[in-house]
Amino acid sequence: MNIAKIFDILLVDDDEDLTNLLNKQISGSGFRVHIEKDLNSAKSYLNQHIPHAIILDINLGTDLSWSLIPWIREQSHFQTTKIFISSSDMSRGNILKAKALGVDELLAKPLNAAALVQKLKKNLRATEAASYNIPHPPSIECSLYAKHVKINEISLVVVAPVKFSEKTDIKIQSDFLNEIRLNEIKMRTVDQSKPASDGTYNTEVTFRGMTELMAQNIRKIKKK
Amino acid sequence: MKKPIVFTIDDDVDFNNFLKLTLKPLDLDLKICTTVDQFTALMRSSTPDLCIIDLNLDIAMGAGYKLIQAIRLTKGHDIPIIVISRRNSTKDISLALEVGANDALTKPLDPPLLISKIKQHLQLEGKKNELTFYSISEVKQECHLSFHLHLNQISEYGITLSSPHLISKGTLINLKSSALKEILNMDEISLMVDETSFNTDLKLFYAFCEFDATKPEISLQARQWILRQPV
């Protein structure tokens, strides 16, 4: 199981002084904080992002923050998102309402950063990192830095941090190959790569489709 | 030891004589055909170790390509096919490789080049590559090497790639794919290979590449995509 390492927190509160202070105090302790000031902007943010936890001021001006909670809970992709609500009213009515809506923590205002971090860590401790095994793994082009060290009319030798285990079609691009008009030629690795040094490997790469002009360009390289 | 069997087809008599002379030192069992009928009859009765096919047979346009396709259909992909074409005809060569040829050379053929290519494809013992290597000046050695892998898993902290080839830990790789556009809303991304492992049953290497922690938007985008996938 892969445990999540850095948590994204959405803080919904219109008290700028409070949110700036909390942001400073809890960011960097394994948390990344994003702040929204009202319900509508919080909803816009949540339409694009899925934070690990939401800290919601239940008394946002004249907005009714309670309505956001069922909106969140109805969407299956938020099922692992923790919801904390903050309020200066810790009446029994509020506590019962919070529990009924599936809120994870009810925090008394004024918020204390240390207490908040502790609550976040407690609730998020065993959160698995979201992951997805792609059912039909798509092909992806990978390119990396290498060095081509020698060349003849049918192949070249490249030193790279990749060990080819079987014949593979590859592409090599460089200013040098461009100069000798070989940038477009098809290439294939010949044998298994052999260790060079420090995690790099020597691979012989054959040219497929050598023209007379290309061969002449290679022969112009005098240095042996 | 059995001699390697090589079938060739070219309607140019002079070229066929040149081929016989040039390839004599390799001690091959060389069967030279001048017509498509001869060649196909030979292919029906036996299987060569290598074929050399002229792309510009007089009989019909594209006869050479059709022969390549027929060999691949009936005999599979194990027989190396070298095509011979006119001078500097890169389009012909590209098409030949696309339809199944392994390699191509242009006329007039250079004997050492031809011999080296045949030895390479037949994996003949001894020094396969007889041609002298020329050193490339150090200031011109830098290049970029590209190949394909598969994207197996994505997590909110990184991606896992699979390949028959090992990429060393700590290597910076640049990845490009339409799948990346869909998942991360990026055409390409540069990542470091953080961990590698090997699956002995599948004979595949897995490379885990972590997202740049200084770019939280990537993790957020990945998480967003993952949690919206069907369970």
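What follows is calculated from the coordinates using simple rules that are stated; it is not laboratory data. Remember, it's a predicted structure, so these values are computed and weren't measured experimentally. FYI the Cβ positions are ideal-geometry reconstructions off the backbone, even for glycines, and counts take in every protein chain you see.
Charged neighbours of B:Ile218, selected by a Cβ distance under 11 Å, balance to -2 (K, R count +1; D, E count -1). Under a 5 Å amide H cut-off, with hydrogens placed 1.01 Å from N, B:Cys33 pairs with B:Thr8, B:Ile9, B:Asp10 among residues at least 5 apart or on other chains. Rounded to the nearest 500, the helix-only mean residue ellipticity at 222 nm of chain A stands at -8000 deg cm²/dmol, with each DSSP H run of n ≥ 4 adding -39,500 (n - 2.57).
Using the Karplus relation 6.51 cos²θ - 1.76 cosθ + 1.60 with θ = phi - 60°, the per-residue 3J(HN,Hα) values for segment A:212-217 come to 4, 5, 5, 4, 4, 4 Hz, with x marking Gly and Pro. Summing +1 for each Lys or Arg and -1 for each Asp or Glu among the other residues whose beta-carbon sits under 9 angstrom from that of B:Asp194 gives -1. Across chain A, C-alpha contacts under 8 Å between residues 6 or more apart give a mean separation that, scaled by the residue count, equals a relative contact order of 14 percent. Computing Rg and the Kirkwood Rh from the Cα coordinates of segment A:10-94 gives a ratio, Rg/Rh, of 0.95.
Peptide B:156-164 is shielded by partner chain Cβ atoms: per residue, an average of 5 of them sit within 10 Å of its Cβ. Using alpha carbons only, how many angstrom separate the centre of segment A:139-189 from the centre of segment B:175-231? Rounded to whole Å, the Cα centres lie 25 Å apart.
Say R0 is 45 Å: what FRET efficiency, to the nearest 0.05, do A:Ala108 and B:Ser190 get from their beta-carbon distance? Intermediate values should be presented prior to the final figure.
On the way: r = 46 Å, r/R0 = 1.02.
Once the sixth-power term is evaluated, E becomes 0.50.
Binning all Cα-Cα separations of the protein assembly as shown at 20 Å, short to long from zero, yields these whole-percent fractions: 21, 36, 23, 16, 4, 0. Electrostatic tally near B:Asp10: other residues with Cβ closer than 13 Å to its Cβ, Lys and Arg +1, Asp and Glu -1, net -1.
Within 10 Å of each Cβ of A:72-78, how many other protein chain Cβ atoms are there on average?
On the way: counts 0, 0, 0, 2, 4, 7, 1.
Taking all residues of A:72-78 together, the mean is 2.
When each of the peptides B:219-229, A:93-103, A:211-221, A:152-162 is scored by how many other beta carbons lie within 10 Å of its residues on average, the order from highest to lowest is A:152-162, B:219-229, A:211-221, A:93-103.
With q set to 0.13, 0.14, 0.16 Å⁻¹, the log10 of I(q)/I(0) for segment B:126-231, from the Debye formula over equal scatterers at the Cα positions, is -0.60, -0.67, -0.80. Residue by residue along A:159-167, Cβ atoms of other protein chains within 10 Å of the local Cβ number 6 on average.
In the distance distribution for segment B:5-122, Cα-Cα pairs more than 25 Å apart total 12 percent.
Between segment B:92-115 and segment A:93-119, the C-alpha centres lie 74 angstrom from each other.
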